[in-house]
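Engineer: Take this structure first; my questions come after.
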Amino acid sequence: MTYSTVEHGGQLNKVADRFNIPVQKWLDLSTGIAPFTYPIPTIPLTYWQQLPQPCSALGQAAAHYYTQGLVTQNLTKVCAKNFLASHGSQHVIQHLPILWRQHNPHSQSVFVPASGYTEHKKSWAAAGFNITHYTQLPNPSKLPMNSVVVLINPNNPTGQLTALEHIHTLLAALEKKQGLLVVDEAFMDTVHPSQSALTLINSPAVIILKSMGKFFGLAGMRLGFVAAHHYWVNKLHSLLGPWPVNGPAQYVGLVALKDQHWQAQQYQKLHQQATQLEHLLSRYFNESHNTITGTLLFKSVSTPYATHLFEQLCLQGIYVRLLDDESGLRFGLPNDKGLVRFSHALEHLRINDCLF
């Protein structure tokens with residue numbers, strides 16, 4: 001396995017095999033998943049025995065959770081019918097190119113971030129679309145007709161947040177050009193809600209992806225939501241089939257989305273932990289060529305020694321995310337015990353490697 005084959009975090013088994021260290025001995029900081037997990041409630045037996053049933057309450061809870069704090073006239077039209085539960089964002093990402101091709105057979109161009117979750121690019125490329133990478137948001141006036149723009153907001157791994165006013169301008173251009181804007185808001189839970197593209201939800205030219213895996217620390221549950229115009233919700237519902245989310249995940253998701261007390265506590269814990277992680281990284285990556293960015297769920301560092309440091313950390317059983325272009329590293333948020341181990345690993349590198 002070469003480093004370039006690790007296209008995103010969470011592939012611990014591959015990395016463990018590569019460095020011949022048992023999986024249970026690793027500290028996995030390769031993802032942006034919260035280290036504090038929502039406590040799983042007792043799940044009624046019927047959710048295991050029966051086929052998944054349609055759950056309107058889940059859509060209502062999602063609509064309330066994701067729009068709380070947003071004050072705009074547009075939200076008077078946002079309701080449970082704008083939300084579709086899915087088997088995680090990834091499931092929808094894989095199906096969107098198929099759906100869009102059916103809707104707009106003339107579309108050929110898709111713009112994706114040069115640095116970002118690579119599954120977006122892979123899905124559109126596999127469906128035969130022409131991929132253009134961008135570092136700055138594409139110029140709305142120069143977009144081709146029928147084009148698609150994928151925006152990860154805030155970006156993963158850079159943490160860059162695109163202001164809502166720029167998204168509005170981009171969307172207006174895509175509406176005129178019969179295009180589509182896909183906004184991946186997997187990490188928006190830790191950002192002020194006023195930046196969410198949900199305020200634009202009634203446009204048929206935007207599809208927004210939400211994830212419960214990151215903020216709630218429930219990636220294994222595989223539950224996410226599509227937020228979109230009724231047209232796209234209905235089309236995706238038909239495409240994803242009758243049981244897009246298992247019953248236990250529906251039950252846990254509903255309870256978690258309604259638990260505002262836990263959500264407030266989680267935000268405070270993540271803020272405290274992210275501050276500690278950033279202070280730790282600042283002690284070792286404090287040169288002019290190093291830049292620390294990110295969100296409350298991860299911190300990224302640009303460094304010319306990224307590939308070397310990735311390998312040296314792996315040799316200590318610490319798995320972090322090497323960026324696609326190998327220009328930096330992304331560090332997921334550790335818990336208190338993990339933070340101590342990570343600190344010792346960095347100190348070991350400073351003493352023995354002299355790169356800091």
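The values are calculated or read from the model by the stated rules, or taken from the named source; none is laboratory data. All values derive from a computational prediction rather than experimental measurement. No Cβ is skipped: glycine too gets one built from the backbone with ideal geometry, and neighbour counts run over all protein chains shown. In case anyone asks, the SASA skips ligands and DNA or RNA and just uses the protein heavy atoms, side chains included. Shrake-Rupley method; radii C 1.70, N 1.55, O 1.52, S 1.80 Å.
Engineer: Mind checking which residues of the range 202-226 are among the aliphatic types (A, V, I, L, M), open to solvent by less than 10 Å² (accessible area, probe 1.4 Å) and closer than 27 Å to residue 333 by Cα?
Structural biologist: Answer for the range 202-226, where residues must be among the aliphatic types (A, V, I, L, M), open to solvent by less than 10 Å² (accessible area, probe 1.4 Å) and closer than 27 Å to residue 333 by Cα: 208, 209, 212, 223, 226.
Engineer: Would you check if residue 342 is assigned to a helix (DSSP H, G or I) and touching a strand residue (DSSP E or B) at 6+ places or on another chain (Cβ under 8 Å)?
Structural biologist: yes
Engineer: While we're looking at this one, here's another question. Determine which single condition residue 269 fails, assuming it passes every other condition in (1) farther than 19 Å from residue 61 by Cα; (2) buried (at least 18 other Cβ atoms within 10 Å of the Cβ); (3) charged (D, E, K, R).
Structural biologist: Checking residue 269 against (1) farther than 19 Å from residue 61 by Cα; (2) buried (at least 18 other Cβ atoms within 10 Å of the Cβ); (3) charged (D, E, K, R), the one that fails is (2).
Engineer: Out of (1) of a type in the set (Gly, Ala, Ser); (2) over 21 Å from residue 102 (Cβ atoms); (3) touching a helix residue (DSSP H, G or I) at 6+ places or on another chain (Cβ under 9 Å), the odd one out for residue 203 is which?
Structural biologist: Unmet condition: (2).
Engineer: Looking at the range 79-89 only, could you name the residues that are touching a strand residue (DSSP E or B) at 6+ places or on another chain (Cβ under 8 Å) and either more than 12 Å from residue 237 (Cα to Cα) or open to solvent by 40 Å² or more (accessible area, probe 1.4 Å) (or both)?
Structural biologist: Those that are touching a strand residue (DSSP E or B) at 6+ places or on another chain (Cβ under 8 Å) and either more than 12 Å from residue 237 (Cα to Cα) or open to solvent by 40 Å² or more (accessible area, probe 1.4 Å) (or both): 87, 88, 89.
Engineer: For the range 321-356, which positions are among the basic types (Lys, Arg), more than 25 Å from the chain's Cα centre (by Cα) and at pLDDT 95 or above?
Structural biologist: Residue satisfying the conditions is 341 alone.
Engineer: Residues being open to solvent by 10 Å² or more (accessible area, probe 1.4 Å) and more than 14 Å from the chain's Cα centre (by Cα): count how many of those fall in the range 182-201.
Structural biologist: Residues in the range 182-201 being open to solvent by 10 Å² or more (accessible area, probe 1.4 Å) and more than 14 Å from the chain's Cα centre (by Cα): 6 in total.
Engineer: Kindly indicate the residue of the range 284-320 that is modelled with pLDDT of 95 or more, part of a loop (DSSP other than H, G, I, E, B) and out of contact with any strand residue (DSSP E or B) (no Cβ under 8 Å at 6 or more places or on another chain) and also most open to solvent (accessible area, probe 1.4 Å) among those meeting that condition.
Structural biologist: Once the filter is applied, the top-ranked residue is 316.
Engineer: Just to verify a result, which residue in the range 227-241, among those that are open to solvent by 30 Å² or more (accessible area, probe 1.4 Å) and without any contact (Cβ under 8 Å) to a residue 60 or more places away in the chain, is nearest to residue 60 (Cα to Cα)?
Structural biologist: Ranking the candidates gives 234 first.
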